[in-house]
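If you scroll down you'll find the structure; I have some questions about it.
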Amino acid sequence: MGKSYKTEAVVLRSIRYGEADRVLHLYTPDRGRVGAVAKGVRKVKSRLGGRLEPLSRVRLVMYEGRGELSTISQADSVHSHPALRERRASLERATQACEAVLRLLDSTEPNRPAYNLLCHELALLDSSAESASRAQALAFRMKLLLAAGFAPELASCAACGETEHLGAFSPSAGGVVCAGCEAGSFPLGEEAHRFLVGALARPLAEAPPAPDTALSQADRAIAETLEYHAHVRLRRVT
Ligand SMILES: [Zn+2]
């Protein structure tokens with residue numbers, strides 16, 4: 001057995017492996033993405049199994065393996081988010097949040113703000129049914145962009161620095177653009193612009209409200225920024 005270590009983690013995904021095992025994709029505060037085998041967890045009497053469901057926040061003892069996978073030897077629950085599992089909308093939002101982290105943060109480089117953000121999002125979705133809104137999901141995604149280093153420029157034209165007439169968004173320029181720099185952009189109305197700014201500025205629990213058309217534009221701005229700069233394609237937030 002390799003060296004043992006302790007870490008907290010959120011279980012992003014769990015895949016069947018062999019007869020009774022599972023391979024888990026974990027996101028940790030100090031080791032970034034970690035892959036781990038949980039042995040025997042699909043047996044009925046497994047002590048580990050119930051605590052290692054996707055969307056759970058856990059405290060783990062693991063052994064480093066020879067390959068890329070660690071082996072889990074002990075798991076304690078920090079927060080299993082039981083309430084969000086009972087509500088379909090909350091469950092879908094939580095799954096989307098984990099999926100976004102899985103796709104966007106795939107390295108072993110630690111990113112504590114991203115870890116904290118994910119924990120906060122899951123706790124929020126667990127605590128109230130109202131947080132499973134489209135605006136809230138987009139605010140999470142916007143904050144995740146910031147944590148991952150892909151936040152778009154919103155204060156001035158990303159191409160020339162102009163601070164007025166910012167009515168469009170250019171994924172390639174990396175943010176809002178003015179009327180003179182509109183090539184390769186799409187319209188981003190005032191409400192959508194305000195939403196993106198507010199989503200970054202306000203706490204996660206206070207996502208700014210916005211009409212659906214504005215949220216669609218904000219969604220597109222976030223999605224195309226990720227596609228262009230991170231080469232990651234996420235399911236749209238509807
Ligand atoms: Zn410009």
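What base-10 log of the normalised intensity I(q)/I(0) is obtained for segment 141-238 from the Debye formula, alpha carbons as equal point scatterers, at q = 0.11, 0.18 Å⁻¹?
Debye intensities relative to I(0), on a log10 scale: -0.27, -0.77.
Loop only per DSSP, at most 16 neighbouring Cβ atoms within 10 Å: give me the trypsin sites (Lys or Arg not before Pro) in segment 155-238, ordered by residue number.
Hits after loop and neighbour filter: R233, R235, R236.
Among L55, L166, L125, which one shows the highest mean-square fluctuation when the chain is modelled as a Gaussian network with alpha-carbon springs under 10 Å?
Its mean-square fluctuation being the largest, the pick is L166.
A further question on this structure: How large is the translational diffusion coefficient of segment 74-146 in µm² per second when you combine the Kirkwood radius over alpha carbon pairs with Stokes-Einstein at 4 °C and 1.567 mPa s?
Rounded to a whole number, D works out at 102 µm²/s.
Shifting gears a bit: Tell me the per residue accessible area of segment 41-156 using a 1.4 Å probe; a whole number in Å² is fine.
50 Å²
Output the DSSP H helices from the chain with an along-axis C-alpha extent of no less than 15 Å and a mean Kyte-Doolittle hydropathy no less than 0.5.
Answer set is 134-148.
Then there is this: Enter the Cα centre distance for the pair segment 49-82 and segment 188-229, rounded to the nearest angstrom.
About 34 Å separates the Cα centre of segment 49-82 from the one of segment 188-229.
Using alpha carbon coordinates only, what is the Rg to Rh ratio of segment 21-60, with Rh defined as the Kirkwood radius?
Result: Rg/Rh = 0.97.
Could I ask something else about it? How big is the chain along each principal axis, measuring the range of its Cα positions in Å and listing the largest first?
Taking the Cα atoms of the chain, the three principal extents are 63, 37, 26 Å.
Please identify the GluC sites (Glu not before Pro) of segment 23-104 that satisfy two criteria: DSSP loop assignment and at most 16 other Cβ atoms within 10 Å. Which are they?
E64, E68, E86
On the accessible surface of the chain, probed at 1.4 Å, how many percent belong to carbon and sulfur atoms?
C and S atoms contribute 48 percent here.
Which of the trypsin sites (Lys or Arg not before Pro) across segment 56-113 are loop residues per DSSP, with 13 or fewer other Cβ within 10 Å?
R66
The values are calculated or read from the model by the stated rules, or taken from the named source; none is laboratory data. Please read all numbers here as calculations on a predicted model, not as lab measurements. Heads up, the Cβs are rebuilt from the backbone with ideal geometry, glycines too, and the neighbour counts pull from every protein chain shown. What goes into the accessible areas is simple: the full protein's heavy atoms, side chains included, and nothing from ligands, DNA or RNA. Shrake-Rupley method; radii C 1.70, N 1.55, O 1.52, S 1.80 Å.
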